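First the structure, in the form of structure tokens, and then the observations on it.
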Amino acid sequence: MDAQTAPSANATENVARRPTTRKARRLNIRVTDAEKTLVQQAAELRHVSASQFILQCAIQSAEQVLADQTRFMLSPDKWDEFTALLDKPVRRIPALRRASSKQSPLGGR
């Protein structure tokens, strides 16, 4: 990933642009009357069904959670600093080499 790469501003557009496939799986949730009303009101403002609204929000949230665990963004200067550190030669640490050459107490290496 380079400094110019960024996750989509609208995470649901990734899903929305996928070829249409038959949806064979169901997600069921239980809600209070107040929660259902809230979701319905928000869905109406977006001109989508409550199901579509919930799915879009869930997908956007899931993509964000996954992105937080797999991607990070840096300014061009910080990206250059980061890649320079990665490109530096490996620093030899004798104690680490000795520790890694010993048999593991858990039975493996």
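We did not get these values from a lab; they are worked out from the coordinates using the rules stated. If you're wondering where the values come from, they're calculated on a predicted model, not measured in any experiment. Glycine also receives a Cβ, built like all others from the backbone with ideal geometry; neighbour counts cover every protein chain displayed.
Data overview
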read-out	value
Prolate/oblate/rounded call for the stretch 46-89, Cα gyration tensor, a/c under 1.5 rounded	prolate
Sorted by Cβ density within 10 Å, fewest first, the residues Glu63, Glu44	Glu44, Glu63
Rounded FRET efficiency, nearest 0.05, which uses the C-beta distance separating Leu85 from Gln40 and R0 of 41 Å	0.20
In the stretch 44-109, the chymotrypsin sites (Phe, Trp or Tyr not before Pro) that fall in loop regions by DSSP, at most 16 other Cβ within 10 Å	Phe72
Rounded, prolate or oblate (a/c below 1.5 giving rounded, otherwise prolate when a/b exceeds b/c) for the stretch 12-101 by Cα gyration tensor	prolate
